[in-house]
Amino acid sequence: MKATVFLGGGRITSALVRGLRLAKYADPLLVYDRHPEKLRQLRKRYGVTVEPDLAQAVRQAELLIIAVRPGSVGDLLEGISNLDRPLCAVSLAAGVPLAELRARLGPPVRWARAMPSPVGRSRRGLTALVFDRSLPPPAQRKVRNLFCQIGQVVEIPESQFDAFTVTYSASHGYHAVATLARAAERLGLPRKIALTAATHALADGILAWREDDIPLDRLLDEAATPGGISSTVIESMNRAGYRRAVQQGLAAGVSRARSKRR
């Protein structure tokens, strides 16, 4: 039986494999990496098959997941450029468009791009997908099913991929929790209580919004009564440049993603 093969045994592969194991994903999982220690750890933690030989790994693939950094994609694809059978490949590399992937590894390989969140390790992930026009519908369903195992999936045009990449990252939430908790500590809260309060403000509130399907504007009105403490906090943050800082941060991320294509 052919396997879902990950080329690259780093953090994103580890997170996705863990989520797929929790989901009891039926297909065999195989991981290739140049570093034996990464393979040992993945086999020990998740019971995946590991393969230190690139050609052998690709030979066993029904679905090939390119899970290396953008700067390493070219060398990796050069190492598997002699494929002689139809194969669906999915690139997780930010900033590397379908046109470049097709140019580097032509037919019979058909491509998709995916931008999955490491939060998929707990099956609460979010993945954006874009399919090359040449990818057959059965292969699209196969890719979609893989990422549906670990969370929500959205399909977007490739022109929107950079904007999605800089927006969806859980790093925004972690950064916000850390920043809010540090500010609370400076006001006198113990660190543990500060983190608990900050986590509730962000994670629990947002989870309640998603589950209750209440319009966001209504929740803002409910939580920040005009003239009250919460509205004072929000207004002060906005005056200090909060909205502008977020916009500038996302714009810088998009610029960075696009610079990888030059």
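Amide H contacts of S91 (H built 1.01 Å from N, in plane; Pro and chain starts excluded): I66, A112, R113, A114 sit under 5 Å, all sequence-distant by 5 or more or on other chains. Here the dipole of region 10-123 is about 600 debye; that uses its Cα centre as origin and unit charges on the Cβ of Lys and Arg (positive) and Asp and Glu (negative). Assuming a ≥ b ≥ c are the square roots of the Cα gyration tensor eigenvalues, decide whether region 116-233 counts as rounded (a/c under 1.5), prolate (otherwise, with a/b larger than b/c) or oblate. Verdict is prolate for region 116-233. Among R256, R191, sorting on how many other beta-carbon atoms sit within 10 Å of each Cβ, with the fewest leading, yields R191, R256. Kindly write out, for region 89-97 in residue order, the coupling ³J(HN,Hα) from the Karplus curve 6.51 cos²θ - 1.76 cosθ + 1.60 (θ = phi - 60°), rounded to whole Hz, with x marking Gly and Pro. Values per residue, Gly and Pro as x: 10, 10, 9, 9, 7, 5, x, 10, x Hz. Here the chain is assigned +1 on the Cβ of each Lys and Arg and -1 on the Cβ of each Asp and Glu. Its dipole about the Cα centre then comes out at about 720 debye.
Mind sorting C148, C88 by how few other Cβ atoms lie within 10 Å of their own Cβ, fewest first? Can you show the working numbers first?
On the way: C148 15, C88 22.
So the residues, fewest neighbours to most, are C148, C88.
Counting only DSSP beta bridges whose two residues both lie in region 85-136, roughly 50 percent are antiparallel.
State the antiparallel share, in %, of DSSP beta bridges confined to the chain, rounding to the nearest 5. Present the calculation step by step, with values, prior to reporting the outcome.
Working: 5 of 31 bridges.
Antiparallel bridges make up about 15 percent of those DSSP assigns within the chain.
Comparing A201, A252, A55 in a Gaussian network model of the chain, where Cα atoms under 10 Å apart are tied by springs, the biggest mean-square fluctuation is seen for A201.
Proximity of backbone amide H atoms, modeled 1.01 Å from N, is registered between G151 and G125 at under 5 Å, excluding neighbours fewer than 5 places apart on the same chain.
A straight chain from A170 to R191 at 0.36 nm per residue would run longer than the Cα-Cα distance by 5.4 nm. Neighbour counts of other Cβ atoms within 10 Å put L101, L83, L54 in the fewest-to-most order L54, L83, L101.
With a cut-off of 8 Å between alpha carbons and a minimum separation of six or more residues, what is the relative contact order of region 3-161 in percent?
Values: 310 pairs, mean separation 35.2, N = 159.
Relative contact order of region 3-161: 22 percent.
For A61, the residues whose modelled amide H falls within less than 5 Å of its own, excluding neighbours fewer than 5 places apart on the same chain, are A3. Percent of C-alpha pairs per 5 Å bin in region 171-259, short distances first: 3, 12, 15, 22, 23, 15, 7, 3, 1. Overall, region 171-259 carries a charge dipole of about 680 debye about its Cα centre when +1 sits on the Cβ of Lys and Arg and -1 on the Cβ of Asp and Glu, all other atoms neutral.
Coordinate-derived values only; no laboratory data. Everything quoted here is computed from the prediction, not taken from an experiment. So basically every Cβ, Gly included, is an ideal-geometry build from the backbone, and we count neighbours across all protein chains shown.
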